[in-house]
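The values are calculated or read from the model by the stated rules, or taken from the named source; none is laboratory data. Because the structure is a prediction, the values reported are computed rather than measured. Backbone-built Cβ (ideal geometry, glycine too); neighbour counts: all protein chains shown.
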Amino acid sequence: MAPVLRKRKIEKDRKTTAPSEEGEMAVVDPVTVNNNRKIGWCKARRKAIKMSCIADILPQEVIFAILLLLPVDFIYHVVRYVCRGWYNIIRSPSVAHSHLHNSSSSNTCLFLQSSFYHTPKSGYFLRTTNTGTIEFKRLGFVPHGVVMSSCNGLLYFPKHEAFEPCVLNPVTGQQVVLPFYKFRTCRPGTNHFLAYSPVSRVYKIAQLISYAYNATPRFAILTLGGVEKKKWRRIDASHLGLHTCYFRFPPLCIGRFMYYFCDPQGMSIVVFDIEIETLWSISFPTSDWRDPKKFLAMWGSLSMMVKVNSYLIKTWLLIDPKTGRWEKLPDINFVASSRLRYHRMPIGSLGNGELLVFEESSEIIVYHVKMGRIVASYQPDDKEYPACMYKWRCHPHVDSLVSLSPATTTAKPVEAYKK
């Protein structure tokens, strides 16, 4: 009896009741009543559901204010899939520019990458959250080269095998390959960094080529957008008199200015204005070239740290890059922290100098200046070689929604000026 009862129940579910012509209830098929069509929402109801998007209900000013408060990775991976209206708003360049301007005001993130004899390893993000905690997060993939600079959330690095310059957005995963120079000779010294021109709103690659210690360094620049895109141009540096100096420290890009640090005996810094593409030199704030020095980005400008002894570090801040005017900042004392007394200079800073980042073999140490103690230490989880062979590179970073232009595609190598 069980199979028979189940069959009757199924037939009953497939039918419904409808009034007959005599006023009695008759069992009919719903498909027959709807003229052999499937039952669904009417056109008016479908239009109402389509128009019930959140972007149509809330004003764009409110949505814009909400997006500025959310993290970039959460916006890109979650929020943009809420509805079509939100997706179109997030794709607009104004949202990316405003979110970038809002995040760049505070120095709260660093990009760290370990390398083993110039072989790139994993990258990490060290950032301070809104709750005051420190987060150490590993990048989801290993870049194909050693990252040289970070600008507006874009990482710039030459590929490890072919030395092709690449630009990568770690949030969106977009990557493009740029044209590069061909050299007749080897590459004893080449530094190239990504910078942004705020007036013309284009990205540029500034490149310094130094063939030997006694040779005149050469500067070149590549514009990634605008009229002169994909064209390398040589910048005249003959008026600087850099015939007998070499660049010991890696360059640093802060805003529209690139800073190249000459030999300590030269006691000068070459400033390169990305916007107007001119070069000039300024002097160090101290006259003792023998003390160890470190250059970091603080308060949106260049800062120089000089280690006087094992306990004391003096700090200066560059107020005006054009005139070379410096301002003395409070000294940093490591008397309370015996672990950092004989350490080298810090590799980075967070919160405009409130937190200093040190490297100890393969370990990352975060030191709080006002509290005078170590607040965090992190050990990477991809250690494959002895700790003494690791070298860390640190760059100020900010997560952004900057999209790489489709016009910037892979190009063939172009001929450069000859030696």
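Does the stretch 124-172 hold any residues that are hydroxyl-bearing (S, T, Y) and not in a strand (DSSP E or B), and which are they?
Scanning the stretch 124-172 gives T129, T131, T133, T172.
Looking for something assigned to a loop (DSSP other than H, G, I, E, B), at pLDDT below 80 and under 14 Å from V398 (Cα atoms) - is there at least one such residue anywhere in the stretch 109-122?
no
Using the structure shown, decide if G145 is modelled with pLDDT of 75 or more, over 16 Å from the mean Cα position of the chain (by Cα) and either surrounded by fewer than 14 Cβ atoms within 10 Å (Cβ to Cβ) or not polar (S, T, N, Q) (or both).
Spelling it out, it is not the case that G145 is modelled with pLDDT of 75 or more, over 16 Å from the mean Cα position of the chain (by Cα) and either surrounded by fewer than 14 Cβ atoms within 10 Å (Cβ to Cβ) or not polar (S, T, N, Q) (or both).
If you go through the stretch 204-214 one residue at a time, do you hit one that is at pLDDT 80 or above, in a strand (DSSP E or B) and either touching a helix residue (DSSP H, G or I) at 6+ places or on another chain (Cβ under 7 Å) or surrounded by fewer than 18 Cβ atoms within 10 Å (Cβ to Cβ) (or both)?
No; the residues of the stretch 204-214 include none that is at pLDDT 80 or above, in a strand (DSSP E or B) and either touching a helix residue (DSSP H, G or I) at 6+ places or on another chain (Cβ under 7 Å) or surrounded by fewer than 18 Cβ atoms within 10 Å (Cβ to Cβ) (or both).
Yes or no: L168 farther than 30 Å from V79 by Cα, in contact with a strand residue (DSSP E or B) (Cβ under 6 Å, 6 or more places away or on another chain) and modelled with pLDDT of 65 or more?
no
Applying the selection to the stretch 352-370, what residues are hydrophobic (A, V, I, L, M, F, W, C), part of a strand (DSSP E or B) and more than 16 Å from K391 (Cβ to Cβ)?
Hits for the stretch 352-370 are L355, L356, V366.
Step by step: first the residues of the stretch 311-334, then only those that are within 15 Å of G372 (Cβ to Cβ) and of a type outside the set (D, E, K, R), then the one that is surrounded by the fewest Cβ atoms within 10 Å (Cβ to Cβ). Which residue is that?
Among those that are within 15 Å of G372 (Cβ to Cβ) and of a type outside the set (D, E, K, R), it is P330.
Select, from K307, K293, the only residue that is modelled with pLDDT of 80 or more, farther than 15 Å from S268 by Cβ and in the same structural domain as Y259 (by the TED database).
Residue meeting the stated conditions: K307.
What residue, among those in the stretch 61-93 that are β-branched (V, I, T) and assigned to a helix (DSSP H, G or I), is nearest to L139 (Cα to Cα)?
V72
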